[in-house]
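J.: Shown below is the structure under consideration.
The values are calculated or read from the model by the stated rules, or taken from the named source; none is laboratory data. Treat the numbers as computed from the prediction; the structure is a model and nothing was measured. When we count neighbours, we look across all protein chains shown, and the Cβ atoms used for this are built from the backbone with ideal geometry, even at glycine.
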Amino acid sequence: MARKPVRKPVRKPVRKAAANNALSRKRPAAAAAGAARVAALEAAVALLKRQLATTQRRMVALEDIEAIKRLQRIYGYYLDKALYSKTLGLFSKRCSIEISGRGVYRGREGVNTLLSKILGKEFPEGLLEGQLYNHFQLQGVVTLGADGKSAKGRWRAFIQVAKLGKLAHWAEGPYEMEYTKQAGRWYIDKLTWFPTYYTPFEEGWAKTGLPKQPPSTEFPPDAPPTHEYQTYPSVFIPPFHYPDPET
């Protein structure tokens, strides 16, 4: 008996053209999605870089402010003990100093003249037994310059001066300071102190206000006082180096 021939299943022809078309449509979409992911990652990296740069600038600024505060406080501690020679290294070579109504002295030599030769006549280097010469440095406000190499500051000096059994005075007033950064270190570039009051300890500011000191005739200043004003009971507001936050 003859066998019937086995019919093989008929395979449908593959539609290569349709498949290729579908694949060709998927490739641009996948490429676009990949490009979008890359762009998003690049944007995120750029943002992180900007944030890191901002953080680094803020860190440097905070370190500079702390260095300036430290500089000012060191000056106060040296002055407390009349260590005038030690204060010289805190000033820049082009510095100026003006204390009360004594006028302006320029350069480190001028600082030495005012501190050692004028103030030092009554309170010599290192002080003598029975002398008090405290200069508290208070309420510091430091403003950095945009260049990162200059700054300004406002501080308040509260002063106790005494010679045991002879005299005792109070004094108080603000500093307006300028600083400069050279070779990574901050220096005092300009020091101006405006006395608000001088008064004898026994009488106090409720009874007596003394005038500020005039320029020395023995060691005259390099320039006259920059401001004309009177101490308490008169009222004088030294100019602020910083703008009013309300304006």
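J.: In the range 213-247, which residues are of a type in the set (Gly, Ala, Ser) and either outside any loop (DSSP other than H, G, I, E, B) or within 16 Å of residue 175 (Cβ to Cβ) (or both)?
T.: Once the filter is applied, which keeps residues that are of a type in the set (Gly, Ala, Ser) and either outside any loop (DSSP other than H, G, I, E, B) or within 16 Å of residue 175 (Cβ to Cβ) (or both), the range 213-247 yields only 223.
J.: A further question follows. Starting from residues that are in contact with an Asp or Glu (Cβ under 7 Å, 6 or more places away or on another chain) and without any contact (Cβ under 8 Å) to a residue 60 or more places away in the chain, keep the ones in the range 186-210 and report whichever is surrounded by the most Cβ atoms within 10 Å (Cβ to Cβ).
T.: It comes out as 196.
Table: residues versus (1) under 12 Å from the mean Cα position of the chain (by Cα); (2) assigned to a strand (DSSP E or B).
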| position | (1), (2) |
| --- | --- |
| 115 | no, no |
| 120 | no, no |
| 138 | no, yes |
| 143 | yes, yes |
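J.: In the range 26-76, what count of residues is obtained for those that are among the small types (Gly, Ala, Ser) and under 30 Å from residue 137 (Cβ atoms)?
T.: Qualifying residue count, the range 26-76: 3.
J.: Quick one: in the range 211-247, which of the residues that are in contact (Cβ under 8 Å) with a residue 40 or more places away in the chain, among the aromatic types (Phe, Trp, Tyr) and surrounded by 12 or more Cβ atoms within 10 Å (Cβ to Cβ) is nearest to residue 167 (Cα to Cα)?
T.: My answer is 219.
J.: Still on this model: Which one is nearest to residue 139 (Cα to Cα) among residues in the range 163-212 that are among the hydroxyl-bearing types (Ser, Thr, Tyr) and in a strand (DSSP E or B)?
T.: Of everything passing the filter in the range 163-212, 175 is nearest to residue 139 (Cα to Cα).
J.: Is it the case that the range 150-163 has a residue that's at pLDDT 95 or above, closer than 19 Å to residue 58 by Cβ and either aliphatic (A, V, I, L, M) or surrounded by fewer than 14 Cβ atoms within 10 Å (Cβ to Cβ) (or both)?
T.: Yes.
J.: Looking at (1) at pLDDT below 95; (2) more than 24 Å from residue 75 (Cβ to Cβ); (3) not acidic (Asp, Glu), which is the only condition residue 230 fails?
T.: (1)
J.: Right, here's the next one. It is to be established whether one or more residues within the range 131-150 are touching a residue at least 60 places away in the same chain (Cβ under 8 Å), touching a Lys or Arg at 6+ places or on another chain (Cβ under 8 Å), among the small types (Gly, Ala, Ser) and more than 22 Å from residue 216 (Cα to Cα).
T.: Scanning the range 131-150, I find at least one residue that is touching a residue at least 60 places away in the same chain (Cβ under 8 Å), touching a Lys or Arg at 6+ places or on another chain (Cβ under 8 Å), among the small types (Gly, Ala, Ser) and more than 22 Å from residue 216 (Cα to Cα), so the answer is yes.
J.: For the range 151-171, does any single residue satisfy the condition of being of a type in the set (Phe, Trp, Tyr), in contact with a Gly (Cβ under 6 Å, 6 or more places away or on another chain) and at negative phi?
T.: yes
J.: Considering (1) surrounded by 14 or more Cβ atoms within 10 Å (Cβ to Cβ); (2) under 24 Å from residue 240 (Cβ atoms); (3) without any contact (Cβ under 8 Å) to a residue 24 or more places away in the chain, say which one residue 78 fails and leave the rest.
T.: Residue 78 satisfies all of (1) surrounded by 14 or more Cβ atoms within 10 Å (Cβ to Cβ); (2) under 24 Å from residue 240 (Cβ atoms); (3) without any contact (Cβ under 8 Å) to a residue 24 or more places away in the chain except (2).
J.: Right, another one. Looking only at the range 122-165, how many residues end up being in contact with a strand residue (DSSP E or B) (Cβ under 8 Å, 6 or more places away or on another chain) and within 24 Å of residue 177 (Cβ to Cβ)?
T.: Total meeting the criteria: 28.
J.: May I ask you to list the residues in the range 40-74 that are closer than 16 Å to residue 181 by Cβ and in contact (Cβ under 8 Å) with a residue 24 or more places away in the chain?
T.: 60, 61, 64, 65, 67, 68, 69, 71, 72
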